[in-house]
Every structure is written in structure tokens, then in C-alpha cells.
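Since the structure comes first, as C-alpha cells, the remarks are kept for the end.
No value in this document is a laboratory result; all are computed from the given coordinates. Because the structure is predicted, anything quoted here is derived from the model rather than measured. Methodologically, a virtual Cβ is constructed for each residue, glycine included, from the backbone with ideal geometry; neighbour enumeration extends over all protein chains shown.
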Amino acid sequence: MVLIHTESELGKLREAGRIVALVHKEVKELIKEGITTLELDELAKTVIKREGGSPAFLGYKGFPFTICSSINEVIVHGFPNVQKLKNGDIVSIDVGCKKNGFFGDAAISCIIGEGTEETRRLLAASEGALNAAINVIREGVTTGTIGRIIEEYSRNCGFYVVKNYIGHGIGRQLHMEPAIFNYGRDVEGIKLKAGMCICVEPMLCIESADNHRLDDGWTVVTNNGKPSCHVEHQIIIHKNHAEVITI
């Protein structure tokens, strides 16, 4: 069921989103060559608890960490570990927070050092696709339009979108209706309504978006072993605009 949130509920969603954005801010200040994603996981947990929230991912369907840290060929749901980040890595940090019964969820991607021209273009295309979608989001726009814009933008940049992992509604649950695909047509999906809250999350790959899940039951990697990129924002729908609450 797609929910329309009250003003009070939207305020609680904004607070959860604020904490997620704060985690990303502090991660950006520390992420560099030589740090481990397990250290970033501890940082995220500390920030969330300091701000009065609880880690939304930790224990969710058995997920054992506070963040998803996805490096290079890992698309989403990667496990933090003790391997040190190295120059050229492209890293996604996906964070969820619960506070006052409501959830925040967003992901950023960073390149350690300069990276290659290809990974820089990949990151720019991912962020561009997300921003292009946000620019059209308002009441009356369909979820299919969001997907169409993401896929068209990505393909125009020479990249491929992942189709079997998607964005979602969010509120009192971490994942709710509606589904927000990274592809589609204007006539597909549902029409957005003011008061809805959604997470839009393009996942872009090089040459092919074919993927598979590893034996840990979570980590999703590209079949061709090439780098991928994942970005996500949480958005409240208004009559004439989108309000990004994880920035």
C-alpha cells in the first residue's frame, strides 16, 4: 500500500534523513586510501547513535552491518571488512537510520584518489541520472517516468542500469510501495502524490549490467568484473517539486 504521510510524519522522516546525510558527510571527511570499510561502518554506527537513532540495516533480514560498502565490481549490499581501500577504488556507502519509528536511507559513491577517466565518467553519470530524475519529480509524475529518465540519461552517457535492484517507498518501514525502477515508460507505474516519500537509487555499470549474488546471500557483483556505481537520495513529494531530505 502506498502511504501519504502527515506533516508530523514528514518531520520525522526529515530527521531520519538528516542523520543519514550527516553520516555521509562524516564518511566523506575520513574516506581515503588506507582506511577500511569496517572503520567506516563503526563511524556510521557511532554517528547514528549519537544523534538518537538506530542503524536500520543492522539485523535487517539478517544483514550483519550498519552500512553496505560496495567496492568496484560490487554493485550493492557489500559487507564492510578489514581490507584497506586503495587508490582508484570506487566505493558506495549505503546507510539506513531509524528514529522515532521512521526510516532514512541514502547512498553516496566516492573514488579514492583520482581514479580512471572511465570511473570518473561512471560516477558523474550516476549522479547526473539521479539529479535528472529529481528535477522532474512532483505530484502527478509517474514512477515510470523516473525510470525512463534514469535509463535514458545513463545510456546517453554510455552506461547500463541495473534492472533487478530498485528504489522504493519508505516511511515506517525501510522498504515499501511504490517500486521505483531504473527503467520504464511514462505510462507505467503509479502517479506520485504529495506527501509520499520515496528513495531513488540509480545503479550503473560498464558494458553490461548483468549481475549475480555471492554465496553470502547479500553481495551483488557485476558478471564482467567491471566497476559499478550506486547513488541514492530520499525524497518527499510535493505538488510542484521534490524535497531531497538526505542532502
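Quick notes
- The set of residues in segment 156-171 that are more than 12 Å from the chain's Cα centre (by Cα), in a loop (DSSP other than H, G, I, E, B) and not charged (D, E, K, R) comprises Cys157, Gly158, Phe159, Val162, Asn164, Ile170, Gly171.
- Looking only at residues in segment 231-247 that are in contact with a strand residue (DSSP E or B) (Cβ under 7 Å, 6 or more places away or on another chain) and part of a loop (DSSP other than H, G, I, E, B), the one that is surrounded by the fewest Cβ atoms within 10 Å (Cβ to Cβ) is Ile247.
To keep it simple, each residue is scored yes or no on (1) within 17 Å of the chain's Cα centre (by Cα); (2) under 15 Å from Ala107 (Cβ atoms); (3) surrounded by 23 or more Cβ atoms within 10 Å (Cβ to Cβ).
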{"position": "Leu3", "(1), (2), (3)": "no, no, no"}
{"position": "Leu30", "(1), (2), (3)": "no, no, no"}
{"position": "Glu33", "(1), (2), (3)": "no, no, no"}
{"position": "Thr46", "(1), (2), (3)": "no, no, no"}
{"position": "Pro55", "(1), (2), (3)": "yes, yes, no"}
{"position": "Gly59", "(1), (2), (3)": "no, no, no"}
{"position": "Cys68", "(1), (2), (3)": "yes, yes, yes"}
{"position": "Glu73", "(1), (2), (3)": "yes, no, no"}
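- Within the set Ser228, Ser208, the sole residue that is buried (at least 21 other Cβ atoms within 10 Å of the Cβ), within 19 Å of Ser92 (Cα to Cα) and in contact (Cβ under 8 Å) with a residue 12 or more places away in the chain turns out to be Ser228.
- Hey, Gly225 outside any strand (DSSP E or B), in contact with an Asp or Glu (Cβ under 8 Å, 6 or more places away or on another chain), of a type in the set (Gly, Ala, Ser) and farther than 30 Å from Glu7 by Cα or not: yes
- Flag if Asn182 is outside any strand (DSSP E or B) and within 21 Å of Glu151 (Cβ to Cβ): yes
- Selection of segment 181-209 for residues being out of contact with any Phe, Trp or Tyr (no Cβ under 9 Å at 6 or more places or on another chain) and among the aliphatic types (A, V, I, L, M) yields Val187, Ile190, Leu192, Ala194, Met196, Ile198, Val200.
- Single unsatisfied condition, Leu122 versus (1) of a type outside the set (Gly, Ala, Ser); (2) within 14 Å of His233 (Cβ to Cβ); (3) in contact with a Leu (Cβ under 7 Å, 6 or more places away or on another chain): (2)
- No other residue among Leu130, Leu174 is outside any loop (DSSP other than H, G, I, E, B), within 28 Å of Val74 (Cβ to Cβ), of a type in the set (A, V, I, L, M, F, W, C) and in contact (Cβ under 8 Å) with a residue 60 or more places away in the chain apart from Leu130.
- Test: residue in segment 103-112 that is of a type outside the set (A, V, I, L, M), over 26 Å from His241 (Cα atoms) and either surrounded by 24 or more Cβ atoms within 10 Å (Cβ to Cβ) or under 14 Å from the mean Cα position of the chain (by Cα) (or both): yes
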